[in-house]
1. Given the conditions (1) under 29 Å from the mean Cα position of the chain (by Cα); (2) surrounded by 18 or more Cβ atoms within 10 Å (Cβ to Cβ); (3) of a type in the set (A, V, I, L, M, F, W, C), report the number of the one that A766 does not fulfil.
2. Hey, does region 252-259 have a residue that's over 33 Å from the mean Cα position of the chain (by Cα), more than 22 Å from R686 (Cα to Cα), of a type in the set (A, V, I, L, M) and open to solvent by less than 50 Å² (accessible area, probe 1.4 Å)?
3. For the structure I just gave you, tell me whether R213 is open to solvent by less than 50 Å² (accessible area, probe 1.4 Å), under 21 Å from Y97 (Cα atoms), more than 33 Å from the chain's Cα centre (by Cα) and not aromatic (F, W, Y).
4. Across region 6-65, which residue is most open to solvent (accessible area, probe 1.4 Å) among those that are hydroxyl-bearing (S, T, Y) and within 30 Å of G699 (Cα to Cα)?
5. Does A347 count as more than 19 Å from A380 (Cβ to Cβ), open to solvent by 10 Å² or more (accessible area, probe 1.4 Å) and assigned to a helix (DSSP H, G or I)?
6. Please go through region 350-369 and pick out each residue that is modelled with pLDDT under 85 and either open to solvent by 30 Å² or more (accessible area, probe 1.4 Å) or on the phi > 0 side of the Ramachandran plot (or both).
7. In this structure, is L577 modelled with pLDDT of 90 or more and within 34 Å of the chain's Cα centre (by Cα)?
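The values are calculated or read from the model by the stated rules, or taken from the named source; none is laboratory data. Since we're looking at a predicted model, the values are computed, not measured. Note that we place each Cβ from the backbone using ideal geometry, even for glycine, and neighbour counts take in every protein chain shown. Surface accessibility is based on the protein's heavy atoms, side chains included, excluding ligands, DNA and RNA. Shrake-Rupley method; radii C 1.70, N 1.55, O 1.52, S 1.80 Å.
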Amino acid sequence: MATWRQDLAHALRRFSKTPGLTSAVLLSIGLGIAANATVFSIVSRFVLRPAPVGDPGTLLSLHTTTRGERCCNEFSWPLFTDLRGQSRSFSGIAAYYELLPASIGGAGEPERVWGQAVSADFFDVARIRMEIGRGFARDEERIPAIVLSRALWERRFGAAPGIIGKPVNLSGRPFTVVGVAPASFHGIDLVLDSEFWVPLGNVEQLAANLPSRDSRFQHWLAVVGRLSPGVSRVQAAAELDVLAQRFARSYPDAEKNGAFRFETAGSLPPRDRSAILVFLAALTGAVLLLLGIACANVANLLFAQVTSRHREMAVRLALGATRGRLLRQMLTESVLLSVGGGIVGIALSLWATRALSAFRLPAPVPLDLRVGVDAKVVLATFLLSVGAGMLCGLAPAWAASRAALSGGLKGEDALARPGRFWTLRHVLVVSQIAMSLVLLCATGLFLRSLQNAAAIDVGFRSRGVVMMAVDPRVHGYTAERTARLLTRLRDRVVVLPGVASAAWTDIVPLSLGGRRDGFRVEGAPPRAGPDSSDRPVDLYMVTPGYFETMGISIVAGRDFSREGSSAPKVAVINQVLARLFFGDEPAIGRRVVGGGATYQIIGVVKNVKSRTLGEDLSPVLYRSLTQNLEGDPSLMGYSLLVRSVTAPAGVATSIRREIHALDPDLAVFHSETMDQHLGKALFLPRLAGTLFGVFGLAGLVLAAIGLYGVMSYSVSRRTREIGIRLALGAQRGGIQRLVVRQGMRLTVPAIGLGLVGALASAKVFASVLYGIRPHDRMTFVVVPLFLTAVALLACWIPSRRAARLDPLAALREE
């Protein structure tokens, strides 16, 4: 330890004498570590972090599926009760309804919040230790009790400890607070941000049009199970297979070919797992490349330092130091530098994760996408820093510790290899440039993808449209009262100054979801199986003026008028659906069947992007909101879209004033412009473009610095040779070409190697690119040319200095 303290003190003294080199190393390592820490924070949050429950390894999310298929469904109520009653592999099985909107009172005006209805044993099965209070007792399935999240308790009730036992107003009904969940618990699901929990027996009072509890055909419950002590997952899977076969025999109509599957609770959603893992793998590869570039850059800087220390090392050897002792001292210095770089990296990643947490998805439900630097990330960063220090410092330390006594004492360069071009420093530079090219090609692909995504024709005009939503149902409104409220509010808004038009809809386009149902032409026989004539169609409920407000052209027929709820149901369809069902024949007047109703087509409108920017155009059917509001109330509330010709902020204030004039207790949410909403729809391409843009720029800078450093070092080592050449009549332009040619001998093979790596890795990105092929010709032509230009500049600056050398001064150089 005493010797190690001496090495540490010596290293700190050396760093204080070389602030420029120390700063360059800290920044290089810091950039590489920051990128890795940021991406590892994302991976830790969405892949590695267990569900915030007790003993997360034994809590499983259960799914139903058709035998032979991978993906999944939820449970019907009878299937859940059968499984809970007959399974012996699980000590407890709980169910929950995962998307439950409500209006809650407290401080300020009522607020719309989202929660879950859970079986009474939910918190016992999940083993959640409450912040204050308790969970639900087993006999409280139908008691109006509520557990608040820590955030809701603080925001609406000032974190008052006396809240336990007090009633709170939830959607117009009193619920008694029995507990407050810990700050870490927002539900078992990975990204949903639930803020309250009520017993499942109350769900019919808070949610409309729920499936019947007696139906085996309607799946609506998420289910988790706690493995019994001593039961393995293999044993649980075997029992579930036996139970699936038993249920199939007992209920052949509903459970035929049914099967169960499970996974650790809190895992990535099965349907989206592949795309998410591909994206995270691409990010991980990018940051590892960046760290490799940083390590190569630091190794080159340390090699430059080694050259000036050969006399010191020779003196130490002459005084009796062993080579192992010198090696340890040099490695202590490099590890200390890398740990310092790790501290810089952690500081940068704290800023980066806060910036990433500001990204928002255009989802109508609350999502918790926050990432942060936790203990796992700090530990991984420390280990990565030490590993990077060993990697960066091993070769320079080995070279420094093998100094020859005679040559070293005379100040000769032990790293010099007369007649050899390919040295370790040159290999490091080639690897830097090659890795930088791979990273820059990925950056180019994602930036081109972002450019294409931003230029996608969404089919409607977003500029000038303001939107905000209300949900009268959670305030106790009947369907009839809701219809009157929406009509009166629209009539009041359209006469406001600066308002051109206004309309209601149940779901705003590009909100990542919405209602979808199977439809067919009236008269076409319904058939089951893969050849079914029912086609999946996206459904929207809208009021008159919707197409005018959204700037969607009507190509045939007419818009909705004020159709009564008792009149025959009518619909407007988009061009995709018209072509799919009727080909070149007129669609106006024809009838389609789906969703338990028959609709007469009164109009055809242009196509719009429905759920996401990257999707192919989907068939869409627009229904009259007033005709369908009672039979199909929206879970997401209703959004008022207003096209204005004045400043959006002023119009939004006026709209909110009109809403509260009709009902001051009505919660208003999702207040934003359509441009802001459209910006959220660019979440994935913007996130990818931002991350890869930052990583690519950092890699480019590090590679350019590395090449510049090598060429500068080469010029400094060849000062006497250049002086002789100039003294013998060499032209200064020839000297510049000599230096640049040497740099290009490194750059050209590096570009070739980098292109091979970039082409091989580009296929990974295919599923997350918008309107661009992985082997995009422009990207793979422009990026290598750009990197070559940067390399030329990095070589030209030292060559210019070499050409300006004074021959007499150069000849006197020792």
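1. (2)
2. yes
3. Numbers: open to solvent by less than 50 Å² (accessible area, probe 1.4 Å): yes; under 21 Å from Y97 (Cα atoms): yes; more than 33 Å from the chain's Cα centre (by Cα): yes; not aromatic (F, W, Y): yes.
It is true that R213 is open to solvent by less than 50 Å² (accessible area, probe 1.4 Å), under 21 Å from Y97 (Cα atoms), more than 33 Å from the chain's Cα centre (by Cα) and not aromatic (F, W, Y).
4. We begin by selecting, within region 6-65, every residue hydroxyl-bearing (S, T, Y); these are 16, 18, 22-23, 28, 38, 41, 44, 58, 61, 64-65.
From what is left, the residues that are within 30 Å of G699 (Cα to Cα) are 16, 18, 22-23, 28, 38, 41, 44.
Working: S16: 86, T18: 39, T22: 21, S23: 69, S28: 8, T38: 7, S41: 2, S44: 1 Å².
If we take residues in region 6-65 being hydroxyl-bearing (S, T, Y) and within 30 Å of G699 (Cα to Cα), then S16 is most open to solvent (accessible area, probe 1.4 Å).
5. Numbers: more than 19 Å from A380 (Cβ to Cβ): no; open to solvent by 10 Å² or more (accessible area, probe 1.4 Å): yes; assigned to a helix (DSSP H, G or I): yes.
No; evaluated as a whole, the condition is false for this residue.
6. First, pick out the residues of region 350-369 that are modelled with pLDDT under 85: 355-369.
Hits for region 350-369 are A355, A358, F359, R360, L361, P366, L367, L369.
7. Details: modelled with pLDDT of 90 or more: yes; within 34 Å of the chain's Cα centre (by Cα): yes.
In short, yes.
Listed here are the residues, each with its yes/no results for (1) open to solvent by 20 Å² or more (accessible area, probe 1.4 Å); (2) out of contact with any helix residue (DSSP H, G or I) (no Cβ under 7 Å at 6 or more places or on another chain); (3) part of a loop (DSSP other than H, G, I, E, B); (4) among the hydrophobic types (A, V, I, L, M, F, W, C).
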{"residue": "Q116", "(1), (2), (3), (4)": "no, yes, no, no"}
{"residue": "A120", "(1), (2), (3), (4)": "no, yes, yes, yes"}
{"residue": "V125", "(1), (2), (3), (4)": "no, yes, no, yes"}
{"residue": "I128", "(1), (2), (3), (4)": "yes, yes, yes, yes"}
{"residue": "A137", "(1), (2), (3), (4)": "yes, yes, yes, yes"}
